[in-house]
Structure formats: C-alpha cells, structure tokens
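Below is one structure; the comments refer to it alone.
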C-alpha cells in the first residue's frame with residue numbers, strides 16, 4: 001500500500017473506499033468487508049445519506065478488536081448548506097456523531113458552491129448563496145476553527161480549481177492538505193496535479209472508474225464508458241488484470257490518492273489488489289494519452305437558469 005506522509009506525521013493510505021452511492025442497508029456490510037480485506041481509508045460525506053450506517057460499521061469493527069481508531073483514516077466533507085462560518089462546527093459535530101468518531105482525519109469543503117442554510121439541493125435560484133454572501137475565505141476560517149478544536153486533524157477542499165486554491169492560499173492561516181476532484185484517464189487533471197504537487201497538496205481522485213452508477217440527473221446522453229475503453233482493455237488483457245485495476249494502478253502510480261466505490265465483495269478485493277500492481281512506462285504513457293478533458297460529474301446541476309454559478313466560474317475554464 002502506498003501512503004502519503006504528511007507534515008503532521010500522519011500516514012494517509014493512498015487507496016481508499018468511496019461511499020458515494022452506497023445505499024443505507026448495504027453500506028455497513030461493504031465497510032465491514034472492506035475492513036476485513038485491509039482497507040484503512042474511508043471517504044464519506046453527510047450528503048451521501050449513509051454516515052450513520054458507516055458509523056455502525058466502524059463501531060462494530062472497533063468493538064470486535066479489528067481496528068483501533070488510530071489505525072484507519074476517515075475523510076468527510078462540509079456540505080454547501082453549511083458554508084457560513086458559524087455553521088461549520090455544528091456540521092462537523094453532526095458528522096462525528098453519525099460516524100461515531102471523536103475526530104476526522106480530514107475534513108473537506110465539498111464544493112466551492114454555497115446554499116442557504118438547510119437547503120440540501122436548491123430547487124430554485126433563490127436557494128443559492130453567492131460567494132459574496134458566503135465567501136470561501138469565511139468558510140475556510142470556520143474550517144480552521146474546526147482544526148483548532150481537535151475535532152479534525154487536517155483540512156482541505158474538493159472540486160477546487162487552481163485559481164480557487166490560489167485565492168484561498170492568499171488569505172488562509174492554514175494551508176489545505178488535499179484537493180479532491182474528479183480524475184481518471186478521460187480527465188487526467190495534469191495541470192492541477194502538477195500545481196497541487198508543487199504546493200504539497202494531495203490530489204484525491206473521485207469517480208476514478210467513470211461512476212457509471214451515478215444518479216440520472218448527473219448523466220448525459222452518449223457519454224463515453226471508461227471501463228469499456230479498448231485501450232484500457234488491451235492493457236488489462238496483456239497483464240491479466242481487470243480494466244478497473246489498470247485504471248486504479250495508473251492513478252496510484254502517478255501520485256494521486258484514489259477512492260473507488262463498491263459494495264460487491266469481489267470487486268472490493270479486486271480494487272484493493274490494484275495497489276500492488278505496477279504498470280510499465282509504455283502503459284502509463286498510453287493511458288496518459290487518453291485524456292479528453294471529459295467530466296462525468298460536470299457540475300451543471302449547480303447552474304440552472306438564474307443561479308449565480310456557471311460552468312465557467314465553477315471550474316474557471
């Protein structure tokens with residue numbers, strides 16, 4: 001297993017289990033199975049609607065002596081409705097209560113998008129807050145207070161462009177240790193990865209396998225299917241790996257953290273085994289050449305008519 005050695009002395013497992021789209025009723029078993037397999041990095045968020053059940057799985061594993069709290073890494077996120085500075089700590093405390101933990105290893109600002117308090121997903125433009133109403137700098141000040149409280153050990157961001165990270169660094173007292181973004185061979189994020197490496201920020205890849213099971217409102221017609229790519233399948237066949245293992249090995253080898261989601265025991269084992277795979281230089285180069293700057297999760301759901309957010313100001317492209 002690869003680890004990131006942070007300045008705090010923490011060791012962060014590069015391969016983790018994503019829990020977006022893992023439904024209540026199945027996610028506890030999936031997390032329990034993952035713990036048995038050897039996963040020690042779990043990525044969560046309150047908006048996924050399953051943190052309480054994940055907390056039950058953590059609690060059961062610790063009660064059974066399978067784990068000590070210091071042996072595993074848990075990331076969760078601040079949802080868009082809690083971006084006002086005074087709302088950050090209460091949101092973190094709710095997440096910790098659901099996860100049955102005393103602290104998070106990493107707490108992220110989930111999106112550079114703000115909603116009015118209590119609004120999970122806006123149904124009309126009036127339910128958004130602009131970034132003038134809820135400046136990222138003020139949200140980050142709340143994150144710094146959370147860090148100072150000891151209820152989280154590290155803080156970071158998610159879905160942030162280079163421009164937004166640069167703006168944050170101009171006012172931050174504490175630098176983010178991570179930026180979680182969509183990243184896979186169709187969206188390699190080379191420039192952002194290079195910038196994050198230069199800033200000592202770990203880039204975590206979500207939807208690394210194309211997230212074909214994501215909700216319909218996030219999908220588009222005629223979108224490419226990453227796991228069916230002839231390039232990936234050829235490399236997989238050459239080595240006797242699965243297509244998913246090739247993609248995860250590529251992600252790890254290029255220095256990103258990666259958090260594939262699965263609730264299937266066989267797929268959990270396959271994904272975990274990808275951490276032991278080494279691709280050759282030709283494989284890596286061929287996969288690098290697949291980049292088409294394609295987002296499966298493009299953020300257009302934040303950009304209805306009248307919203308203060310557009311794809312241009314969301315991604316700064």
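Please treat every number below as a calculation from the coordinates, not as lab data. Keep in mind that this is a model prediction, so the values were computed, not measured. We place every Cβ from the backbone using ideal geometry, glycine too, and count neighbours over all the protein chains shown.
Numbers for the structure displayed
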| read-out | value |
| --- | --- |
| Kirkwood Rh in Å, taken over all unlike Cα pairs in the chain | 19.9 Å |
| Protection-proxy order for peptides 39-52, 186-199, each taking the mean of Cβ atoms within 10 Å per residue, highest first | 39-52, 186-199 |
| Antiparallel DSSP beta bridges within the chain, percent to nearest 5 | 20 percent |
| Alpha-carbon spread of the stretch 135-189, three principal axes, descending order, Å | 39, 22, 15 |
| By average C-beta atoms within 10 angstrom, highest first, the peptides 175-182, 303-310 | 175-182, 303-310 |
| For the stretch 253-313: rounded, prolate or oblate by the Cα gyration tensor [a/c cutoff 1.5] | oblate |
| Residue among 146, 273, 64 with the largest mean-square fluctuation in a Gaussian network model of the chain, springs linking Cα atoms under 10 Å | 64 |
| For the stretch 1-160, share of DSSP beta bridges that run antiparallel, in % to the nearest 5 | 30 percent |
| Mean-position separation - Cα centroids, the stretch 38-95 and the stretch 101-132, in angstrom | 17 Å |
| Normalised contact order of the stretch 1-155, rounded percent, pairs of Cα under 8 Å and 6 or more residues apart | 20 percent |
| Tensor-based shape of the stretch 1-130 (alpha-carbon gyration tensor, a/c under 1.5 rounded, otherwise prolate or oblate) | prolate |
| C-alpha center-to-center spacing [the stretch 184-199, the stretch 225-304] in angstrom | 15 Å |
| Prolate/oblate/rounded call for the stretch 181-291, Cα gyration tensor, a/c under 1.5 rounded | rounded |
| Relative packing of peptides 9-22, 122-135 - highest average C-beta neighbours within 10 Å first | 9-22, 122-135 |
